[in-house]
Each structure stands twice: as structure tokens, then as C-alpha cells.
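A short write-up of the structure that comes next.
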Amino acid sequence: MQVLAVASEIFPLIKTGGLADVAGALPEALGRQGVAVRTLVPGYPAVLGAVGKARKLVRYDDLFGAPATLLAAKVGDLDLLILDAPDFYARPGGPYGDAVGNEWADNWRRFAALGRVAADIAAGSITGWRPALVHAHDWQGAMAAAYMRFGPAHALPRVMTIHNLAFQGRFGADIFAALGLPPEAWGVDGVEYYGGIGFLKAGLVSADAITTVSPTYAHEICSPHDGMGLDGLIRGRADKLHGILNGIDTAIWDPATDKLIARPYTARALATRAANRRALEKRFGLGQDDSPLFIVISRLTWQKGMDLLVDALDHLVGLGGRIAVLGSGDHPIEGAFLAAADRHRGRVAVQIGYDEPLSHLMQAGGDAILIPSRFEPCGLTQLYGLRYGCVPVLARVGGLADTIIDANEAALSAGVATGLHFPANDAMALHGAIAKAVRLHGTAGTWPALQKSGMKADFSWTHSAAHYAMLFEQLVRRGA
Ligand code: ADP
Ligand code: GLC
């Protein structure tokens, strides 16, 4: 089966978060299930720079007012279709905004164009290749489903995956005319959303199936508390909703072969891991001792509960713990972390920024990874933590709840616990979890047991890719 995926990020070319990891790893895993995926991505400088020879497939003289070329290229295992539209994508900064984080004012046009081109491909714009199904990721890919539904490719099945309902792609109603959709696309069953236009909403009403990245998040988004205004729509389409847990790329994230860490190790020789701990302490200027070393690798935002964590740092240090933080995000939260590092030199260390290689060393050297998210569709850093023996201490929400077995008395004595849970959005519960982690870390034998059971857990893509493949097959068979 041939599938067209539409994504605004893809590892290793362009990444701001977990979406890139998923878009980068799922094609290979689906390939092993007999599903051949080509991924349409925007021609950002980082993407075009990574591509050697590209074939020109389709030329647009006027795509939303700009010239564009659809290119085909292979990068490693990835089979890419690249929308080269310099007016839209040849900019410094990130994929959605400038270097200081202001979103591009024409994001609607940049991602409507991506969707439009996906729908053209679905309708046969590429000579000799046509997908059997289109798989759109998040609001940036969502308009593919809307353009397909209201265009010539309306019979082709379309799947919409929600990675994060907080990002919806909302714009003013005034852009409707420029979208080039037929008049009937306006309205509650179309792109209209609370008087404006919602790209994700348009994708969700236009999709034949909706997936999200964990079973618990699939459940949560049906409620007003987590539905972010879309719960009514999602409940109405609950028979089309599937929670499919993300996997991880176990070749990239493998402590036995990882070239980005100080010293490779396996669960059988955990003592070797200490070299990574020492390297991490040195890298962050932390004191060298045996007290528990927590790590954070995260966007520093409200979603991730980072404001709660900042307030818990004095408590963490008071209990004898240390913490190394890598991340960037909201400026007040960044500032509060830096202030805590000043207060607790050698115990709290913070690096503001994005550093993929350093994130590997941190997972290899940390004792525990803290993830106090208020909501978390899936979360990947807890899965990397499991694989690297960096025990997850996390809020019991979304995919976090689905992937970790809490170290309660029963699970500890049965030897199946893999991490620590606490209720989300609760400062006292976070304090309690940190205290429990410090205590368990000091209890002979307990921590290595947690590490080992985590390292044994299988979160490779195999199972989830089979789930996607089954869903795709059903839709294509039904469509035919
Ligand atoms: P989200 O996509 O919501 O940010 P995920 O846990 O799904 O959360 O994915 C985050 C991804 O980005 C992981 O691969 C994580 O290791 C990586 N990451 C997040 N912040 C940083 C950072 N500052 N430096 C390096 N990698 C980071
Ligand atoms: C989003 C979510 C995160 C998820 C990732 C990949 O960024 O916030 O929880 O793991 O997408 O699906």
C-alpha cells in the first residue's frame, strides 16, 4: 500500500518536538508492515540543505500567490516529497516563527499550501505515483484532508493524527476566500470554527479516521477538561477515534551503541553507566557525588508543568537531590530556572536551548527524568528514559500514564515497576514524588531494579505500526 504522509517536521532534518520523531520513525516501521510511506514536508532551509539531488515533479506558477516546485528526494531511509516554495519557507528561525518565537503572520498560507499540494498529489498530480491513503499530522497537515474532501480526490481515505490538541491553527474568517475552497466548505461541518477558521478542526471533520498518540489521551480529549473546545466534535466522531501509542526509534536510542554518550552500556552491566553520570556532572558543572541526579529535557512551558517544577527546586535540593535541566520555552520560566541555578550552584544546573546530542548524554547519565506535565498526548522522553535506565518520575496523564508502571508497594514487590506516578497539576504531589524518588534511590537494590525493568520494556514501533497498518487497510478496503 502506498501512503502519503503530510508533516511539518521530520527527524533528523527539522525538529521542535515529538512530532518530528514520529514522522521520522513511523515510515520505516510501516515499511516493515508492507506500507510504503512518502512524506510531504515544507522546503525549509534545513530540509533543502540536507537533500543532495532532488527530482522536480510538479511546478506551480501561483500557489497562494507564490511560485513553488514539488521535489522528490531520498534522505537516508526517508522518501520525501518537498514543497520548495521560497516565499513561504526560506526564512531564518524555526518552522513556525522567527528566531525570538513570534509566529509568522502568514502561517495560514504556508500550511494551507502544504495541504493543497497534498490534495493535488492525492488527485494524481505526480506522474506514475498516487497514494491509496493520506495521513495528515497536526494542524499544519490538516488542510490536506479538507482540500481532499472538497476536491477531486474526495473518495481517497484520509487519516488525521492529533499530536497535541493545544495547537489548532486558528485564523480569522477573512482568509476563507483566499483558501480557494468551495462555498459549502464554510460552516460547522467545514472549516468554520467559533466564527473563524480552524485548520485542525477542518481536518478532524474531514477525516475518515482520527488517531491520537495514546489510548488515555484519546479518552481525555473527549472531555471538556482536555478537549480544548474540540471535545464535542471529537465525541461526535468517537467511533472513528483511535488511540495508538507512539513508539521510539530503537536504533537511534540504544545505550549499547549510542555514539553520543560517554560510554555505552546494557542492563546487564549497569555499573558501566556511571561513566555517563560523571560526564554529565562535568558537562553541567555539578558536584560529583552519589546523591540522586534528576534531569529534565523539555519545552519549558505550562503544558509541561515547568512552572510547578521551578517552585519545587528548593525542596529537591533540600532533600539532597541535584538536577540538570535542558530546554527552552517561556521566558519567565527560563528566567526562574536560571535564578534557581544561581541559588544552588553545583546542585541545580540549567542549559537554555535545544541540544539533541546532549539529550542523549543526559538520559544515559541521569538517575531520574522528571516530567510533571499538566497534559501529555504521549510524551517520548519517558520512553527514552526507560530505554536508558533513567527512571521516569511523572504526572499520571495521557501517554505518560500509559507507558509507566508506578512503583507502588505491589508493583515493587512483584518487580514490575518502571517509574513513579503522581497526580498532575498538584504541587504537593510533585513534592511527594520527588521525596519518594530520593528515598527509593537510597534504598539498597531498589533503583537498579526499577532501571532494569524499564530497560526491558519494549516501546519499539513494531506493535503500533501494525495498528496503523491495520487501520489503513480497513479504510482502503472500505473505500474501494
Ligand atoms: P513535545 O513534542 O510535546 O515537546 P515529546 O516528549 O513528545 O514532547 O517530544 C519531545 C522531543 O524533543 C523528544 O525527542 C525530546 O528528547 C526532544 N527535546 C525536547 N526539548 C529538547 C531540548 N531542549 N534539547 C534536545 N532535545 C529536546
Ligand atoms: C506532541 C505531544 C507529545 C507527543 C508528540 C508526538 O508534541 O505534546 O506528547 O509525544 O506530539 O506525538
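The values are calculated or read from the model by the stated rules, or taken from the named source; none is laboratory data. Everything numeric here is computed off the predicted structure, so don't read it as measured data. All Cβ positions, even for glycine, are placed from backbone atoms using ideal geometry, and neighbour counts span all protein chains on display. Accessible surface is based on the protein model in full, side chains and every heavy atom, while ligands, DNA and RNA are left aside. Shrake-Rupley method; radii C 1.70, N 1.55, O 1.52, S 1.80 Å.
Listing for the model above:
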quantity	calculated
Candidate lysines for bridging to LYS456, where Cα separation is under 27 Å - those fewer than 8 sequence places away on the same chain excluded	LYS259, LYS304, LYS436
Net length gained if the chain between ALA166 and LYS436 were fully extended (0.36 nm per residue, minus Cα distance)	94.1 nm
Cα pair distances exceeding 13 angstrom across the stretch 319-370, given as percent	60 percent
Principal-axis tilt of helix 107-122 within the chain, Cα atoms, nearest 10 degrees	60 degrees
Highest-first arrangement of 373-381, 119-127, where packing means the average Cβ count within 10 Å	373-381, 119-127
Efficiency of FRET between GLU184 and ASN102 - r from beta-carbon atoms, R0 45 angstrom, step 0.05	0.80
Reciprocal mean inverse distance between Cα atoms of the stretch 47-163 - Kirkwood radius, Å	15.0 Å
Nearest 10 degrees, 0 to 90: helix 462-479 Cα axis against the chain principal axis	20 degrees
Built amide H within the under 5 Å cut-off of ILE371, gap 5+	VAL393, LEU394, ALA395
Alpha-carbon spread of the stretch 267-456, three principal axes, descending order, Å	43, 33, 30
Percentage relative contact order, the stretch 99-248, counting C-alpha pairs under 8 Å, at least six apart	20 percent
For the stretch 197-208, 3J(HN,Hα) per residue [Karplus equation, 6.51 cos²θ - 1.76 cosθ + 1.60, θ = phi - 60°, Hz, x = Gly/Pro]	10, x, 5, 5, 4, 4, x, 5, 7, 9, 7, 7
Relative packing of peptides 307-316, 177-186, 461-470 - highest average C-beta neighbours within 10 Å first	307-316, 461-470, 177-186
Using alpha-carbon coordinates, inclination of helix 274-284 to the longest axis of the chain, degrees	70 degrees
Share of carbon and sulfur in the accessible heavy-atom surface of the stretch 267-456 [1.4 Å probe, %]	56 percent
3J(HN,Hα) from dihedral phi, the stretch 452-461, Karplus parametrisation 6.51/-1.76/1.60, rounded to Hz, x for glycine, proline	5, 5, x, 5, 7, 5, 9, 10, 5, 6
Over the chain: Rg over Rh, Cα atoms, Kirkwood Rh	0.98
Distant-in-sequence amide H partners of GLY329 (H built 1.01 Å from N, under 5 Å)	LEU300
Peptides ranked, highest mean first, by Cβ atoms within 10 Å: ranges 427-433, 341-347	427-433, 341-347
